[in-house]
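Report on one structure; see the data block that follows.
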Amino acid sequence: MANRVSVLLTGGTEDERRTWAMVVSRNFLQEGTLVEVRQNEQLAEALHRPRGVVFIPDVGRLSAASQGLIVRCLQTQEERPKLVVGLSGGVEPARGKGTLREDLLYRLHRAHVDLTAEGMRERVAQRRAQLAADEAVRKAEAERQAAEKTAQLKAVGISVRTGRMPSSRSAPRTASPKVTRG
């Protein structure tokens, strides 16, 4: 999961495929956030990213032309994001219906994960639980750091309050912190 080989995820639910993509993206976190592509119009911009992870929940919903863009990206771009390409059903039904291009399947054949295989749902559930636990730890650490910063500011006589500033009818204002010296 830590290399640039693109992954084809078949079967499972969309949430299971997304969880897999989120786990993969943790290896590329320093390169940017996970980008999810659901529509043909979003694909070209996402593929032009030099790094990171692009997740396509169901490639069968993209047009043949968009799938062609993925093939060209895999063939020609030296610097490209890691692609995690989902497919709601199996490969053979998609090939039979013509919703998965043969050349795209050929490019993705090196890393194919069937989420309906025995034990895969349990692994995905474990990874989802680990992601949730990691997020809770990250959130708690951010809250701790914010409280620590507020305490430091209070110690030097600066009070920080957040709230909405009075708004006029002509232009709405956004919330901004108020800083006052005590």
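The values are calculated or read from the model by the stated rules, or taken from the named source; none is laboratory data. In this text the structure is predicted, and so the values were computed from the model without any measurement. Positions of Cβ are backbone-derived with ideal geometry, glycine not excepted, and every protein chain shown enters the neighbour counts. Side chains included, ligands, DNA and RNA excluded: accessible areas come from the protein's heavy atoms. Shrake-Rupley method; radii C 1.70, N 1.55, O 1.52, S 1.80 Å.
At-a-glance table
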item	result
Gain upon complete extension [residue 152, residue 36; 0.36 nm per residue less C-alpha separation]	37.9 nm
Within the range 1-81: Cβ-based charge dipole about Cα centre, in debye rounded to nearest 20 (Lys, Arg +1; Asp, Glu -1)	140
The chain: calculated mean residue ellipticity at 222 nm from DSSP helix runs of at least 4, using -39500 (n - 2.57)	-15000 deg cm²/dmol
Sparse-neighbourhood loop sites, trypsin sites (Lys or Arg not before Pro) in the range 1-103 - DSSP loop, at most 15 other Cβ within 10 angstrom	4, 38, 51
Crossing angle, helix 120-155 versus the chain [Cα axis fit, 0-90 degrees, rounded to tens]	20
Cα long-axis angle, helix 14-26 against the chain (0 to 90 degrees, to the nearest 10)	70
Cα lying deepest toward the dipole's positive end in the chain, options 104, 140, 28, charges on Cβ	140
Modelled label reach - residue 4, point 7 Å along Cα→Cβ, the range 31-65 residues with backbone N closer than 16 Å	31-32, 47-54
Rounded to 10°, Cα long-axis angle of helix 64-76 versus longest principal axis of the chain	80
Cα centre as origin, Lys/Arg/Asp/Glu Cβ charges: the chain dipole, Debye	1000
Surface accessible to a 1.4 Å probe, per residue, for the residues of the chain, Å²	62
Fully extended contour minus Cα-Cα distance, from residue 95 to residue 129, at 0.36 nm per residue	8.9 nm
Inter-label distance for residue 103 and residue 29, nm, one decimal - labels placed 7 Å from Cα along Cα-to-Cβ	3.8
Environment charge of residue 12, counting only residues whose C-beta is closer than 15 Å and scoring Lys/Arg +1, Asp/Glu -1	-1
Relative contact order, percent, the range 1-144 [alpha-carbon distance under 8 Å, six or more residues apart]	35
Cut-off of 10 Å, at most 11 other beta carbons, DSSP loop: longest stretch of the chain lacking such GluC sites (Glu not before Pro)	1-77
Spatial extent of the range 31-170: Rg and Dmax, with the Cα atoms as the point set, Å	22.4, 71
Accessible surface of the range 1-68, 1.4 Å probe, proportion on carbon and sulfur as whole %	52
Most positive-pole-ward Cα, 120, 158, 81, against dipole of the chain from beta carbon charges	158
